[in-house]
Amino acid sequence: MTRIKFGEQFFEAENNETVLNTLLRNNMQVPYGCKTGVCQCCLMRSLDNAPPEKSQVGLKDTQQKQNYFLACLCESEDDMTVALLNNETSWLDAEVIEKTDLSTNVILLKIKAKEPLAFIAGQFVNLRRNDGVIRSYSIANSPNSEHELAFHIRILPNGKFSRWVADELTIGMPLSFSHAQGDCHYVAGQNEQPLLLIGTGTGLAPLYGILLDALSTHNHQGEIHLFHGSRDASGLYLEEKLIALTQKYSNFHYTACLSGEVHDKKYTPGRANDIALQNFPNTTGWRVYLCGQPEMVLHSKRAAYLQGASLKEIYADAFLS
Amino acid sequence: MTGITTNATLFEQLGGAAAVDAAVDIFYRKVLADERIDRFFEGVDMEKQAAKQKAFLTMAFGGPNNYNGQDMRNAHAKLVKIGLDDSHFDAVVENLAATLTELGVSEELIKQVAAIAETTRADVLGK
Ligand SMILES: Cc1cc2nc3c(=O)[nH]c(=O)nc-3n(C[C@H](O)[C@H](O)[C@H](O)COP(=O)(O)OP(=O)(O)OC[C@H]3O[C@@H](n4cnc5c(N)ncnc54)[C@H](O)[C@@H]3O)c2cc1C
Ligand code: HEM
Ligand code: FES
């Protein structure tokens, strides 16, 4: 007999019964649509045992790796603890260990988790202030033995959370955060695939994490093109580090784009997404990462897709506020 | 194995859910790039749209689905209000056939798919 744990409750699955039907039979609120594995309305995640392969048909490989599954296709032989996607609300503890200015309005924040944690560079976590204000930030470093997480936080003039980070958060203070989530990260296994990374502002944070993961952890061999966009040069906050990386890795290329006035030849005038997609009119076979302003992400997703990239290989993080 | 598939449904002959997956990327790209109909697909979330395209393809391939005629009317009613007509319907069917041709599906099966799509015309166009 298979047991399904959902929230705090346990349910017995009948023979050949899907997780979706078990939950519905017990009057649980679970979204679903076609019940045939096509619409993906019933997407859930297993928090312990890997779901049957059959229940992961059509999911992105990053989702498969994270034990996402379609409840309507999932006849599990193992007991499972399952969750809806925004239901994983347990918080982890960390301490602030570094806070440095990367530019006039971007701060590098590093926290050290109290316990080991699983994440992939480029995913994001939710940070929570003790009064309950919660914001998402992308992870800009690779997993490490110190359990450290690095973030690039853009300080908005009246930003509730970001201003607090700038003005009040100090080294040594505790901070709680959620499990890493999101599928905007490097995927091992296609070492030769060309990668196109496009980011505006602190959209560079996840891209930098992905880049480090690709180059140093996975020794990626395909060409990697990073386009970073900002209004003015002060926003190109990792310029020196990125140029150093282009010198170290011949397959890595960095283009700094300025949408405002350009006085210096080393910068390309225009929007990062426009320039990137003009430079590469055929994105067939590419893996594309888009991070930053929601309009840029939406627009570029469409363009990258129309220019040939497969929908499943376009990874995007819109920094919705 | 004799390879005789006389009892297989159209959906199975086309390759089932895997065929839908293969077709959706190509089909949706054609639709978005088609100036005759792209305006109907503007400004919507691409992932959600792609999921709906899958629902569309599953239906057209004769696969299992939960839509009835009234659902088809409801789903397209907003579009009919902004001018959806037979010419747009024909364009969608054309893109569908071109997608299947590109995937190497036989003409015989393509005809069957077009015939299924045809049965939804009145409902889709709210006639
Ligand atoms: C998946 C994800 C990942 C993210 N990753 C990062 C990251 O790595 N780094 C990062 O910095 N942010 C990231 N964000 C955005 C972040 O979560 C917050 O939304 C952001 O920091 C603003 O929070 P806040 O409390 O400071 O501002 P809020 O108090 O929430 O204020 C936001 C308000 O600021 C105003 N505003 C917006 N843009 C501007 C602007 N350009 N100038 C002036 N005012 C403006 C708007 O009125 C908006 O309502 C991410 C978001 C998501 C969803
Ligand atoms: C050929 C016959 C057609 C079939 C079988 C069909 C089928 C479907 C299905 C199953 C859905 C999903 C409904 C839902 O779950 O919400 C849908 C949605 C949609 N269809 Fe069609 N369709 C057809 C023709 C067309 C045509 C001709 C157009 C426009 C040119 C069109 C545009 C749309 C749009 C824009 C949506 C999304 C509506 C929304 O987001 O709410 N369809 N269709
Ligand atoms: S209900 Fe449609 S995929 Fe599960």
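Derivation of every value follows stated rules applied to the coordinates shown; laboratory data play no part. From a predicted model like this one, the values you see are computed outputs, not experimental measurements. Here Cβ is always computed from backbone atoms with ideal geometry, including for glycine, and neighbour counts include all displayed protein chains.
Could you tell me which of the pairs A:Lys54/B:Lys48; A:Lys60/A:Lys112; A:Lys5/B:Lys52; A:Lys60/A:Lys241 are separated by over 27 angstrom between their Cα atoms in the structure shown? Let's see the in-between values first.
On the way: A:Lys54/B:Lys48 22 Å; A:Lys60/A:Lys112 30 Å; A:Lys5/B:Lys52 30 Å; A:Lys60/A:Lys241 31 Å.
The pairs that break the limit, which is 27 Å between Cα atoms, are A:Lys60/A:Lys112; A:Lys5/B:Lys52; A:Lys60/A:Lys241.
Mind checking the mean number of beta-carbon atoms from other chains within 10 Å of the Cβ atoms in B:9-19?
Details: counts 0, 0, 0, 0, 0, 0, 0, 3, 6, 2, 0.
For peptide B:9-19, the averaged partner shielding equals 1.
Per the helix-only calculation at 222 nm, which mean residue ellipticity applies to chain B, given -39500 (n - 2.57) for every DSSP H run of n ≥ 4 and division by its residues, nearest 500 deg cm²/dmol? Don't jump to the answer; show the numbers that get you there.
Numbers: 7 runs with 84 residues, N = 127.
Computed mean residue ellipticity for chain B: -20500 deg cm²/dmol.
I want to check the label-to-label distance for A:Trp91 and A:Val262. Put each point 7 Å from Cα in the C-beta direction and report it in nm to one decimal.
That separation, rounded to one decimal, is 4.5 nm.
Using +1 on the beta carbon of Lys and Arg, -1 on that of Asp and Glu, and nothing else charged, what's the dipole of segment A:229-321 about the Cα centre, debye to 20?
In total the dipole reaches around 280 debye.
How well do other chains shield peptide A:156-169, expressed as the mean number of their Cβ atoms within 10 Å of each residue Cβ?
Shielding by partners across A:156-169 averages 0.
What do you get for the angle between helix A:294-306 and the principal long axis of chain A? Use alpha-carbon atoms, 0 to 90 degrees, nearest ten.
With rounding to tens, the tilt is 80 degrees.
Would you mind computing, in nm to one decimal, how far apart the modelled labels at B:Ala114 and B:Glu35 are, each placed 7 Å from Cα along Cα→Cβ?
Taking the two extended label points, one gets 2.4 nm.
Want the number for A:Ser250 to A:Thr104: 0.36 nm per residue separation, take away the alpha-carbon distance, what's left?
Values: separation 146, 0.36 × 146 = 52.56 nm, distance 3.07 nm.
Residue separation times 0.36 nm, minus the Cα-Cα distance, leaves 49.5 nm.
Checking the a/c ratio against 1.5 first, then a/b against b/c, what shape does the Cα gyration tensor give for segment A:255-321? All intermediate terms of the calculation are to be shown ahead of the outcome.
Details: a/c = 2.69, a/b = 1.45, b/c = 1.85.
Oblate shape, in that a/c is at least 1.5 and b/c is the bigger or equal ratio.
Under a 10 Å cutoff between Cα atoms, tell me which one of A:Cys291, A:Cys257, A:Cys72 has the largest fluctuation in the Gaussian network model of chain A.
A:Cys72
I'd like to compare A:45-56, A:258-269, A:203-214, A:221-232: which one has the highest average count of other Cβ atoms within 10 Å, and what's the full order after that? Mind showing how you got there, number by number?
Numbers: A:45-56: 16.9, A:258-269: 13.0, A:203-214: 28.1, A:221-232: 20.0.
Top to bottom by mean Cβ count within 10 Å: A:203-214, A:221-232, A:45-56, A:258-269.
Taking R0 as 56 Å, what FRET efficiency do you get between B:Leu103 and A:Asn158 from their Cβ-Cβ distance, rounded to the nearest 0.05? Could you put the intermediate results ahead of the total?
Working: r = 53 Å, r/R0 = 0.94.
So the FRET efficiency works out to roughly 0.60.
For A:Leu149, what is the net charge nearby, where nearby means another residue's Cβ is under 9 Å from its Cβ and Lys, Arg count +1, Asp, Glu -1? Don't jump to the answer; show the numbers that get you there.
Details: positive: A:Lys110, A:Lys112; negative: A:Glu148.
With Lys, Arg at +1 and Asp, Glu at -1, the net is +1.
Points 7 angstrom from Cα along the Cβ direction at A:Glu77 and A:Glu295: gap in nanometres?
Each label point lies 7 Å from its Cα, and together they span 5.3 nm.
For B:Lys127, go through the lysines and keep the ones whose alpha-carbon is under 17 Å away, minus same-chain ones fewer than eight residues off.
Correct list for B:Lys127: B:Lys78, B:Lys81.
Treating only the Cβ atoms of Lys and Arg (+1) and Asp and Glu (-1) as charged, compute the dipole magnitude of the protein assembly as shown about its Cα centre; round to the nearest 20 debye. Let's see the in-between values first.
On the way: 41 positive and 54 negative charges, 171 e Å.
Charge dipole, the protein assembly as shown, about its Cα centre: 820 debye, nearest 20.
Under the definition of partner shielding as Cβ atoms of other protein chains within 10 Å of a residue Cβ, what is the mean value for peptide A:298-305? Mind showing how you got there, number by number?
Values: counts 4, 0, 0, 3, 4, 0, 0, 7.
If you average over the peptide's residues, the count of other-chain Cβ atoms is 2.
Please work out whether segment A:166-321 counts as rounded, prolate or oblate from its C-alpha gyration tensor, where a ≥ b ≥ c are the square roots of the eigenvalues and a/c under 1.5 means rounded, while otherwise a/b larger than b/c means prolate and anything else oblate? Before the final figure, lay out each step's value.
Details: a/c = 1.34, a/b = 1.15, b/c = 1.17.
Here segment A:166-321 falls in the rounded category.
Can you give the FRET efficiency to the nearest 0.05 for A:Asn16 and A:Asp61, using r as the Cβ-Cβ distance and R₀ = 41 Å?
On the way: r = 27 Å, r/R0 = 0.67.
So, using R0 = 41 Å, E works out to roughly 0.90.
Using a 7 Å offset from Cα along Cα-Cβ at A:Thr284, what residues in segment B:72-113 end up with backbone N under 18 Å from the label point?
Backbone N within reach: B:98-105.
Length gain on complete extension for the stretch B:Ala8 to B:Glu47, per 0.36 nm per residue less the alpha carbon to alpha carbon distance? Intermediate values should be presented prior to the final figure.
On the way: separation 39, 0.36 × 39 = 14.04 nm, distance 3.10 nm.
Full extension from B:Ala8 to B:Glu47 adds 10.9 nm.
To the nearest 500 deg cm²/dmol, what mean residue ellipticity at 222 nm is calculated for chain A from DSSP H runs of n ≥ 4 alone, each contributing -39,500 (n - 2.57), summed and divided by the residues? Each step should come with its number before you reach the end.
Working: 7 runs with 60 residues, N = 321.
Theoretical 222 nm ellipticity from helices: -5000 deg cm²/dmol.
Kindly identify chain B as rounded, prolate or oblate by the Cα gyration tensor criterion: order the square roots of the eigenvalues as a ≥ b ≥ c, call it rounded if a/c is under 1.5, otherwise compare a/b with b/c, prolate if a/b is larger, else oblate.
Numbers: a/c = 1.88, a/b = 1.59, b/c = 1.18.
Judged from the Cα gyration tensor, chain B comes out prolate (a/c at least 1.5, a/b above b/c).
Might you report the magnitude of the Cβ-based charge dipole of chain B about its Cα centre, with Lys and Arg at +1 and Asp and Glu at -1, to the nearest 20 debye? Mind showing how you got there, number by number?
Numbers: 13 positive and 19 negative charges, 80 e Å.
With only Lys, Arg, Asp and Glu charged at Cβ, the dipole is about 380 debye.
Which listed residue (A:Thr200, A:Ser234, A:Val288) has the Cα farthest towards the positive end of the charge dipole for segment A:195-318, taking +1 on Lys and Arg C-beta and -1 on Asp and Glu C-beta about the Cα centre?
Final value for the positive-end residue is A:Val288.
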